[in-house]
Amino acid sequence: MGPIVADGLNCVPMQDTALNPSDTLTLIFALALIGSLLLKLWLATRQIRHVATHRDAVPPTFSATITLQAHQRAADYTVVKTRFGLIELAWGAALTLAWTLLGGLSALNGALLETMGAGLWQQLALVGAFTAINTLLELPFSLYATFVIEERFGFNKTSAKLWVQDLFKSLLLGVLIGAPLLALVLWLMAAAGTHWWAWTWGLWMGFNLLAMLIYPTWIAPLFNKFQVLDDATLTERVRALMQRCGFQAQGFYVMDGSKRSAHANAYFTGFGASKRVVFYDTLLARLTPEEVDAVLAHELGHFKHKHILKRIVSIFAMSLVGFALLGWASGQVWFYTGLGIMPNLNGANDALALLLFMLALPSFTGFLGPLFAQISRKHEFEADAYAMAQTRGADLASALLKLYEDNASTLTPDPLYVKFYYSHPPASERLGRMLAAPL
């Protein structure tokens, strides 16, 4: 109760209007969630408007290489996907609100406590049930994107049977790998004392490094077939390029990407001795050997400039800060109540803390997106420059033009949207440098 003050002839208590920590967090989180959503919706509408405005004319830089029909197809694809993204954004924000301030996570936790009692199994069940419910609620969006949007523009090659098989394999891997890892994390949170977050961070980083080692050999083949590149001429070209650049790989492989999508790509995967070069079969069917060289040289440029290592280090550093923040917040009652959760009074709240942190964090870290996007675009320019030093800039430009056209990438994105979201420079900036390079 506040101090007594005179009110006319009466004496009444003054109410304390200061917000407590729980109410403060509720207000800040609600504002962050709404503000983040409104910003993303505004950026998306800018993108739609900008692309639609420039739909009927190919930019002069590309008028000799890109047809109006291809340009309009890319514009239509971008607009349709971005409009669909507006619905996904609103749905995602609604789910976050439902799980937190509207009490969804608290109700689910309470139901499981009544059924199972407190303990590790209840916490595992909470994360499992949350994941299952979220997956079911998001499935319609995945289905629509694949079988309506991608189908409409001729990209989808996935059958319903293959889609279900992929879903089942992903869920099975999540159970076989994710459940034991989660159990170990929850055990550390309970047993490792006040500095559990440091031990958990070490476990998480170790797991990620291990995943980089085993993914190319054990995980990726569960979803795609990888065959050794059997084009002797192309293999020799690729090997010569890698030797010239000072790189080695376990092998050169072709992935049957065409069984799911008409999109094309190539990548350098693995870590240490497990590194391998992977080409989509759709890429090899579209590019000349010289263009394949140029695309591979770009990927090698990322390794030459240590972009992958820098990315790993930055992820490690940010995750350490995140785990430390979680370690502090998980011990505060207002962290739970401020996000709409009644913490367990007679049991551990570790699983609740993990889920709440995962749900709330994106609303507070969205401002980092433009920074990371800018760094990524800078890395792409550096990799392009390296590729042009090892191969002809014209070959890299022609390869990327084909990929832009085949993937229906718009040539006229909104500049502000680019700054927030584009991890790769837009075509006008990227290809402009290449076309200006000496042949």
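The values are calculated or read from the model by the stated rules, or taken from the named source; none is laboratory data. Being a predicted model, the structure only gives us computed values, none of them experimental. In this analysis, Cβ positions are derived from the backbone assuming ideal geometry, glycine residues included, and neighbour counts consider all displayed protein chains.
Just to be sure before I move on: is ALA75 over 13 Å from ASN407 (Cα atoms), out of contact with any Asp or Glu (no Cβ under 8 Å at 6 or more places or on another chain) and part of a helix (DSSP H, G or I) in the structure I sent? Here the answer is no, as ALA75 does not meet what is asked.
Looking only at residues in the stretch 401-439 that are in a helix (DSSP H, G or I), among the small types (Gly, Ala, Ser) and more than 20 Å from THR282 (Cβ to Cβ), the one that is nearest to the chain's Cα centre (by Cα) is SER428.
When the stretch 260-282 is limited to residues that are more than 23 Å from the chain's Cα centre (by Cα) and at pLDDT 80 or above, the one that is farthest from ASN407 (Cα to Cα) turns out to be ASP281.
The single condition among (1) of a type outside the set (A, V, I, L, M, F, W, C); (2) more than 29 Å from GLY322 (Cα to Cα); (3) part of a helix (DSSP H, G or I) that THR200 does not satisfy is (2). Taking residues in the stretch 59-72 that are more than 17 Å from GLY432 (Cα to Cα) and free of Cβ contacts under 8 Å to residues at least 24 places away in the same chain, and partners anywhere that are among the charged types (D, E, K, R) and in a loop (DSSP other than H, G, I, E, B), the pairs with Cβ atoms closer than 8 Å and at least 6 places apart or on different chains are LEU68/ASP56; GLN72/ARG55; GLN72/ASP56.
A count restricted to the stretch 245-260 and to residues that are over 30 Å from GLU151 (Cα atoms) and in a helix (DSSP H, G or I) stands at 1. In the stretch 190-201, the residues that are under 13 Å from SER330 (Cα atoms) form Cβ pairs under 6 Å with partners that are part of a loop (DSSP other than H, G, I, E, B) and of a type in the set (A, V, I, L, M), at six or more places apart or across chains, as follows: ALA190/ALA348. Hey, could you check the stretch 8-36 for residues that are among the β-branched types (Val, Ile, Thr) and more than 16 Å from GLY340 (Cβ to Cβ) and say which is modelled with the highest pLDDT? Among those that are among the β-branched types (Val, Ile, Thr) and more than 16 Å from GLY340 (Cβ to Cβ), it is THR17.
Of the set (1) surrounded by 15 or more Cβ atoms within 10 Å (Cβ to Cβ); (2) modelled with pLDDT under 95; (3) closer than 24 Å to LEU184 by Cβ, all apply to GLY331 but (1).
Between LEU283, LEU320, LEU296, LEU300, which is within 30 Å of LEU355 (Cα to Cα), aliphatic (A, V, I, L, M) and outside any loop (DSSP other than H, G, I, E, B)? Just one listed residue meets the conditions, LEU320.
Right, THR146: loosely packed, with under 14 Cβ neighbours inside 10 Å and either part of a helix (DSSP H, G or I) or among the basic types (Lys, Arg) (or both) or not? Here the answer is no, as THR146 does not meet what is asked.
Taken over the stretch 333-372, the criterion of being out of contact with any Lys or Arg (no Cβ under 7 Å at 6 or more places or on another chain) and more than 22 Å from ALA98 (Cα to Cα) is satisfied by LEU345, ASN346, GLY347, ALA348, PHE367, LEU368, GLY369, LEU371, PHE372.
Checking the stretch 266-274 against the condition returns no match, with no residue being in a loop (DSSP other than H, G, I, E, B) and surrounded by fewer than 16 Cβ atoms within 10 Å (Cβ to Cβ). Scanning the stretch 190-239 for residues that are of a type in the set (Ser, Thr, Tyr) and surrounded by 13 or more Cβ atoms within 10 Å (Cβ to Cβ) yields THR200, TYR215, THR217, THR235. Of the residues in the stretch 235-250, at least one is of a type outside the set (D, E, K, R), closer than 13 Å to VAL277 by Cα and out of contact with any strand residue (DSSP E or B) (no Cβ under 9 Å at 6 or more places or on another chain). In the set THR96, THR82, only one residue is within 17 Å of PRO362 (Cβ to Cβ), β-branched (Val, Ile, Thr), in a helix (DSSP H, G or I) and at pLDDT 95 or above; that residue is THR96. Put simply, of SER363, SER398 the only residue that is part of a helix (DSSP H, G or I) and either closer than 30 Å to LEU300 by Cβ or among the aromatic types (Phe, Trp, Tyr) (or both) is SER398.
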